Amino acid sequence: MVFKKGFTDDGNDTTISLLQYNILADAAIPRGDSGTNVCGTYAFCPEMHRYMDSRFEKIIKEVESLNPDIVTSQEIEQVFFENTLQPGMNELGYASVQHLRPGDHIGLAIFYKNEKFSFLSLCQFLIHEKLPSVLQEAGLESSVALDIGEYVKRHSEYPGIIGPAGDLMVRLKVKATGTVIAVANVHVTWKEHKYPFLQIFQMSCVLEELFKFAEGALCILAGDFNATPDMPLYHMISSGKVCEVTDHLVQSNSYHRDRDVRFGGKRAVEILKMIDFKLKVKSSYFEVMGREPVYTNWGDMEMDAEGDEVHKLCLDYICYENGDEKSKQFLYPYAVLDVPPEHVIAEHAGLPSAIFPSDHLPIYAAFKLKQALQ
């Protein structure tokens, strides 16, 4: 565990901890008729450690060891959630909610400690369906906003394989203090990082909807953002706006396929600049360590032209709203869990492995909840 420099624990403040964990759906690891992996995905991982029937116990043990108050998780298959994961988490004292993508029955889940929180409300939606109203509220014409919604839907799904991206939010009340927090869980579309504006449209929708749903409560936004710290989406989140720098990051990479996408004659960046983001969030890891984890995902080994290993990426984040004088409530991250050193993972050629049960590593942040003096 890494503690924020200068941190001292006076024992008087309420703490809230959150674990973010993409647990890798078995559906992402196809099997043939013989029960073997036919696509080569994660082929470096021995079959005895590759599927959820052997990975689940390790996942539960990680949760039990870290003992977070809240867990946000992605790639949750419906049958696995209902028959295995939800009962297992219930035994550890967690209540849960789930959101499923249409088409593939895979989605998001949020777990929270029954003894610590009272459940207040739930919000779940498909991003492409909610996005047009967000854009119209920012002043965009209805027809153009609907076109963007269809664009986001079209590029965030693989029909028959992966459903369109959604979002899951809960409002919880801390029983000890009565403080309300809003937690959002999102899995941004991957698309091999070729569509940065697609990702920014998705996150713009999530941030605006979280602000409305929170109703003034403190906010935590966690998930698999599928973007590294040098990418346009991360810049948009960390700066709290879409600007010329964001556009430069998109335009400077010929790999990006949506650099010149237009809607109603307007470039995507011009439309995104119209949104005045009301919710400003910070990264808990950056606040504590001064950087993000070196990697949170280490999937199939690939080789670049020089023969170096790639696909070791930081994709997962825990962001938070600091609070303000109006609400008289503040969140301060004071500790995060750093990822294992590279040689530990490399010993097993990647993730998942006999030790690590997913292609993503769990990340964890602990917060102090402070009340302003009256």
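The values are calculated or read from the model by the stated rules, or taken from the named source; none is laboratory data. Note that the coordinates shown come from a computational prediction; the quantities given were computed from them, not determined experimentally. Positions of Cβ are backbone-derived with ideal geometry, glycine not excepted, and every protein chain shown enters the neighbour counts. Side chains included, ligands, DNA and RNA excluded: accessible areas come from the protein's heavy atoms. Shrake-Rupley method; radii C 1.70, N 1.55, O 1.52, S 1.80 Å.
Some points to look at:
- Placing R31, R257 in order of accessible area, with the largest value first and a 1.4 Å probe, yields R257, R31.
- For the chain, accessible area per residue (1.4 Å probe, heavy atoms of protein chains only), Å²: 42 Å²
- For the pair T84 and V245, the difference between a 0.36 nm per residue extended length and the Cα-Cα distance amounts to 53.4 nm.
- Estimated from the Cβ-Cβ distance and a Förster radius of 41 angstrom, the FRET efficiency linking K328 and R262 is about 0.35.
- At R0 = 45 Å, FRET efficiency that the Cβ-Cβ distance of Y158 and L120 yields, to 0.05: 0.80
- Distance between the C-alpha centres of the range 63-91 and the range 118-183: 22 Å, rounded to the whole angstrom.
- Of the accessible area of the chain, computed with a 1.4 Å probe over protein heavy atoms only, carbon and sulfur atoms account for 50 percent.
- Of the residues G223, S121, V174, the one whose Cα sits farthest towards the positive end of the charge dipole of the range 102-253 is V174 (charges of +1 on Lys and Arg Cβ, -1 on Asp and Glu Cβ, taken about the Cα centre).
- Matching label, percent of Cα pairs over 38 Å apart computed from the structure shown, candidates [x] 33; [y] 15; [z] 26: [y]
- R0 of 22 Å, Cβ-Cβ distance E342-M1: FRET efficiency to nearest 0.05: 0.70
- In the complete set of protein chains, residue-level accessible area for F211 is approximately 80 Å², probe 1.4 angstrom.
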